[in-house]
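A.B. asks: Okay, here's the structure, questions in a sec.
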Amino acid sequence: MTVAAIICEYNPLHNGHKFHIEETRRKTGADAVVAIMSGNFVQRGDAAIYPKSLRAKAAILGGADLVLELPVSFATGSAEFFAQGAVRTLDSLGIIDYLSFGAECNNAEKLLGLAELFANEPPEFTDLIKLYSKDGLSFPAARAKAAAEFAGADAGKILSSPNNILGIEYCKALLKLNSKITPCVIERTGAGHDTEATNGNIASASFIRKLLVESNPEKAFLFMPDFAKKIFENQPLHSIKAIENALLCELIKSPTNKLREISDVSEGLENRIKDAALTANSLEELIASVKTKRYAHSRVRRIVLSAFLGITDNDRKAPPQYIKILDHNETGQKLIAAAKKTATLPIVRNTSQVNKLGNSEIKELWERERIFDKIYEMTKI
């Protein structure tokens, strides 16, 4: 059986995602598709707009056969940690042949070339990144500028797209693991990432979320398959805005040395966060006070959410300890049976199965995810 994997958030699942799943099957000849999906908190530093159980159900109806959960520590990390956590989990299954992802650049060799450059950073390239970082550029911008100088203008152009960057991080993670999984690029068409532009019945997830939050669900559902509309309509929406006072309180009382332990905090950023928390009247006001040319809005949001949830740099650097099943169909059940013979990590779906493992570290991580799920219940808006 040929198996392709997709790393996703499906926040929420829309027509573009369904097309990607269909193209993945066509391009790879896959008999089955495994999706590893962010749980209740996502990479943009927010609560997922719908619960993971509903999003996983939509993924199965959209063409996936098995949906796994990406733990919060990876799901809310930078592109590098997001990719590492997901790729490590997929590789540990031992049954994945292809990793499919969408990117504006549909040349896998170019993406792999940049991934190799990033994985084996030559000193001259590192020096260029440091040089441009000193000019106040964010790390992604400094790296893109360094890549353009080091590897040509085309490299800089490729790195101007968030989807290309994420695809490169997937390839880099595969290279570092010496994985047998083959990357497969599906060229993105239509609506761009985080834009309000639409193309027929395809729009970005961020635009769809905006429509939902602004009480325009009928327009939002135009960009989703009918089965997704049936799953999501009349369901409450979620956002960390619902708990922003609790979040601000946590930042106010957190010592700066604790904030320093949070992933992506460096060069005294903990002091800016602390000062902003003491004066801000809202989450957006705090983020606006902290962000700079070097520290982008999305990075600050991730830091703030991580600080609230207590996710440290060490948490993100630790490898996955288990594989959690969210949903599956009949083919997915066969995949689970096959993976249990090859997987290097335990495959679980509930607390009872975790307890039977008798592993205190896995138990602790599992319980922490349950706490995150409980917090998520409080993010209804």
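A.B. asks: Quick one: which residue in Ala30, Ala47, Ala4, Ala58 is surrounded by 24 or more Cβ atoms within 10 Å (Cβ to Cβ), farther than 20 Å from Phe227 by Cα and over 13 Å from the mean Cα position of the chain (by Cα)?
C.D. replies: Ala4
A.B. asks: With the condition kept exactly as written, say whether any residue in the stretch 160-174 is modelled with pLDDT under 85 and among the aromatic types (Phe, Trp, Tyr).
C.D. replies: So far as the stretch 160-174 goes, no, none of its residues is modelled with pLDDT under 85 and among the aromatic types (Phe, Trp, Tyr).
A.B. asks: Kindly list the number of the only condition in (1) closer than 24 Å to Asp264 by Cβ; (2) modelled with pLDDT of 90 or more; (3) not acidic (Asp, Glu) that fails for Leu99.
C.D. replies: (1)
A.B. asks: Let me ask something additional. If Lys293 passes every condition in (1) among the basic types (Lys, Arg); (2) free of Cβ contacts under 8 Å to residues at least 40 places away in the same chain; (3) surrounded by fewer than 13 Cβ atoms within 10 Å (Cβ to Cβ) but one, which one does it miss?
C.D. replies: Status for Lys293: all satisfied but (2).
A.B. asks: Still on this structure: Within the set of pairs 6+ apart or on separate chains, which have a first residue in the stretch 1-25 that is under 19 Å from Leu68 (Cβ atoms), a second that is open to solvent by 30 Å² or more (accessible area, probe 1.4 Å) and among the hydroxyl-bearing types (Ser, Thr, Tyr), and C-beta atoms under 8 Å apart?
C.D. replies: Sorted first by the residue in the stretch 1-25, then by its partner, the pairs are Thr2/Tyr98; Val3/Tyr98; Ala4/Tyr98; Ala5/Tyr98; Thr24/Tyr98.
A.B. asks: Residue by residue through the stretch 72-99, note down the ones that are under 30 Å from Phe308 (Cβ atoms) and open to solvent by 20 Å² or more (accessible area, probe 1.4 Å).
C.D. replies: Ser78, Ala79, Glu80, Phe81, Gln84, Arg88
A.B. asks: Condition first: hydrophobic (A, V, I, L, M, F, W, C) and assigned to a helix (DSSP H, G or I). Now tell me which residues in the stretch 240-263 satisfy that.
C.D. replies: Result: Ile240, Ala242, Ile243, Ala246, Leu247, Leu248, Cys249, Leu251, Ile252, Leu259.
A.B. asks: Is one or more of the residues making up the stretch 102-125 assigned to a strand (DSSP E or B) and either basic (Lys, Arg) or touching a residue at least 24 places away in the same chain (Cβ under 8 Å) (or both)?
C.D. replies: yes
A.B. asks: I need every pair where a residue in the stretch 126-142 that is among the basic types (Lys, Arg) has its Cβ under 9 Å from the Cβ of a residue that is open to solvent by less than 90 Å² (accessible area, probe 1.4 Å), sequence separation at least 6 or different chains.
C.D. replies: Lys130/Ala142; Lys130/Ala146; Lys134/Ala142
The values are calculated or read from the model by the stated rules, or taken from the named source; none is laboratory data. None of these values were measured; they are calculated from a predicted model. Virtual Cβ from ideal backbone geometry, glycine too; neighbours counted across all protein chains shown. These accessible areas exclude ligands, DNA and RNA; they are computed on the full protein's heavy atoms, side chains included. Shrake-Rupley method; radii C 1.70, N 1.55, O 1.52, S 1.80 Å.
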